[in-house]
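Colleague: Have a look at this one.
Since every read-out is calculated from the coordinates, none of them should be taken as a lab result. Bear in mind that the values here come from a model prediction, so they are computed numbers and not experimental data. Note that each Cβ is placed from the backbone with ideal geometry, even for glycine, and that neighbours are counted across all protein chains shown.
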Amino acid sequence: MTTDILQNETDPEWRRWRLEWSIPIDVTYLNHGSFGPSPWPVQRARKAWSDRLEAQPMDFFIRQMEDELNAASEKLGAFIGAAASDLVFVDNATVAMNIVAGGLKLSPGDEVLLTDHEYGAVQRIWKNACREQSAKAVTCKLPFPITDQQEIVEAVFSSVTEKTRLIVVSHVTSPTAVILPVQKICDRAKERGVQVCIDGPHALAMLPVDIKELGCDFYAASCHKWLSGPFGSGFLYVDRKLQSAMKPVVTSWGGSLGSRPFRWQDEFNWIGTRDPAPFLAVPAAIEFLEEFGFEKFRQQTHQLTQYARQKISSLTGLEPFVPDSPDFYGPMISLPLPPLPAEVQKNLKPNQCDPLLEELWDQHKIELALSHWSGQRLLRVSCHLYNRTADIDKLVEALSETL
């Protein structure tokens, strides 16, 4: 494993970028994949937009907001390979997925196909939507451990039938942190005449995203993860022929405040009075990582998770379940842990988190994600520009004490 650009605390470049975040210096934050904090330039941009709104709300909402949202959409669209006219800002990927589920009309017996690696909230959204329309949510089991991308594609399409209306698939899975071959899935789905909705909050900035090249029908994402946009900033891409069916989860006036001709985004831009600052600060997040360099960011953060993979696997003696390649994981990796002792498992209260998570925070000020998925106890490590190998070493030392 190469370590030429892995940082340490004496590296002036690491110190320069670490100071861009407001994370307390005594906190080891390894959970950017769940809640990715924004750097100072993005925080300042968000505040500036809110200040501009507060200074003259009538002028801002009526005369400025729609043009500013268009400009932000243009910047985002250029970044993800989509026309601004096909994008709408929403609070997060969950809201985006609810919009798709509410707008897709299913007939009794229709099927929506998901994988067993899909985010729990997304599974719940589609199970509810299918139940309400007498349709069926089908869960496809992917190979595990994962060794080959084509095996994933074949597993998905082995569950596609003549009743399948939609495939819902993560670009990067949440519990297992695996990069899925969504391009191949979209290509095959197009041949079968099946629509595809990509759940993509982790892919934004972690991977190059080109929605036009993907050819998906829907793409739902949050900007507060790897892109480090403000909390409350997400987007939904909808293929042009499907836009008229999409409705917001909150119904309001549904037209332009500035008296412009109706656009499908109007239903979403005005859902009552709210501060659009998180959306308008998304370009600042893109520019922040552009300054560092997206490819450099991806290489550097992948090397950190590769370092974590090596160290934690050596400690536990448990093999990772994906190949050691950036084709399968990026700046986030899930690694198996020994199961909880039976007596500990038995005494856990309903909805109580894994006691290891509590201990890592209470005793070491370490934040990360830990889940129990498909019989596996998984530790998920996420790295960003503010992390360094010393953070991983601290985690491994803490794990060696507790495990």
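Colleague: Run the dipole for segment 249-403 about the Cα centre, Lys and Arg Cβ at +1, Asp and Glu Cβ at -1, nothing else charged, and hand back the magnitude in debye, nearest 20. Spell out each step's value before the answer.
Modeller: Numbers: 14 positive and 20 negative charges, 56 e Å.
Charge dipole, segment 249-403, about its Cα centre: 260 debye, nearest 20.
Colleague: Sticking with this structure for a sec: Extent of the chain along each principal axis, from alpha carbon coordinates, in Å, largest to smallest?
Modeller: Here the spans come out as 63, 54, 41 Å, largest first.
Colleague: Distance in nm between label sites at Asp11 and Asp239, each 7 Å beyond Cα in the beta-carbon direction?
Modeller: My value for the distance between the label points is 4.3 nm.
Colleague: Give the separation of the Cα centroids, segment 137-210 to segment 333-403, in Å.
Modeller: 28 Å
Colleague: Pick out which of Gly103, Gly193, Gly229 has the largest mean-square fluctuation in a Gaussian network model of the chain, springs linking Cα atoms closer than 10 Å.
Modeller: Largest GNM mean-square fluctuation: Gly193.
Colleague: For segment 104-186, with the dipole built from +1 on Lys and Arg beta-carbon atoms and -1 on Asp and Glu ones, taken about the Cα centre, which of Val169, Pro108, Gln150 lies farthest toward the positive end?
Modeller: Ranked along the dipole, the leading option is Pro108.
Colleague: Among bridges DSSP assigns within the chain, what percent are antiparallel (round to 5)?
Modeller: Values: 20 of 39 bridges.
Here the share of antiparallel DSSP bridges comes out near 50 percent.
Colleague: State log₁₀ I(q)/I(0) for segment 42-126 at q = 0.13, 0.14, 0.16, 0.17 Å⁻¹ as given by the Debye formula over alpha-carbon point scatterers of equal weight, solvent excluded.
Modeller: For segment 42-126, the Cα-only Debye profile gives -0.66, -0.74, -0.87, -0.92.
Colleague: Residue by residue through segment 197-210, which ³J(HN,Hα) values in whole Hz follow from phi under the Karplus form 6.51 cos²θ - 1.76 cosθ + 1.60 (θ = phi - 60°), with glycine and proline marked x?
Modeller: Here the 3J(HN,Hα) series is 10, 9, 8, x, x, 7, 6, 4, 6, 4, 10, x, 10, 10 Hz.
Colleague: Let me ask another. For the chain, set up a Gaussian network in which alpha carbons nearer than 10 Å are linked by springs, and say which option among Ile286, Ile146, Ile185 fluctuates the most.
Modeller: Ile146
Colleague: With contacts defined as alpha carbon pairs under 8 Å and 6 or more residues apart, what's the relative contact order of the chain in percent? Each step should come with its number before you reach the end.
Modeller: On the way: 706 pairs, mean separation 94.9, N = 403.
It rounds to 24 percent for the chain.
Colleague: For Cα pairs less than 8 Å apart in space and 6+ apart in sequence, what is the mean separation divided by the residue count of segment 282-403, i.e. the relative contact order in percent? Please list the in-between numbers first.
Modeller: On the way: 114 pairs, mean separation 36.1, N = 122.
Reported as a whole number, the value is 30 percent.
Colleague: For the chain, which span is the longest to avoid every loop-located (per DSSP) member of chymotrypsin sites (Phe, Trp or Tyr not before Pro) having at most 15 other Cβ atoms inside 10 Å?
Modeller: Values: sites that count: Phe35, Trp253, Phe262.
My reading of the result: 36-252 is the longest stretch.
Colleague: Under a Cβ-only charge scheme (Lys and Arg +1, Asp and Glu -1), can you give me the dipole magnitude of segment 44-288 about the Cα centre, in debye to the nearest 20?
Modeller: Details: 26 positive and 29 negative charges, 74 e Å.
Dipole of segment 44-288, to the nearest 20 debye: 360 debye.
Colleague: I need the semi-axes of the equivalent ellipsoid of segment 240-375: take the C-alpha gyration tensor, multiply each eigenvalue by 5, square-root it, list largest first in whole angstrom. Mind showing how you got there, number by number?
Modeller: Working: eigenvalues 357, 114, 51 Å².
Over the Cα atoms of segment 240-375, the ellipsoid semi-axes are 42, 24, 16 Å.
Colleague: If you don't mind, another one. Convex hull volume of the Cα atoms in segment 309-383, per residue, in Å³?
Modeller: Values: hull volume 8.5 nm³, N = 75.
Expressed per residue, the convex hull around the Cα atoms of segment 309-383 is 113 Å³.
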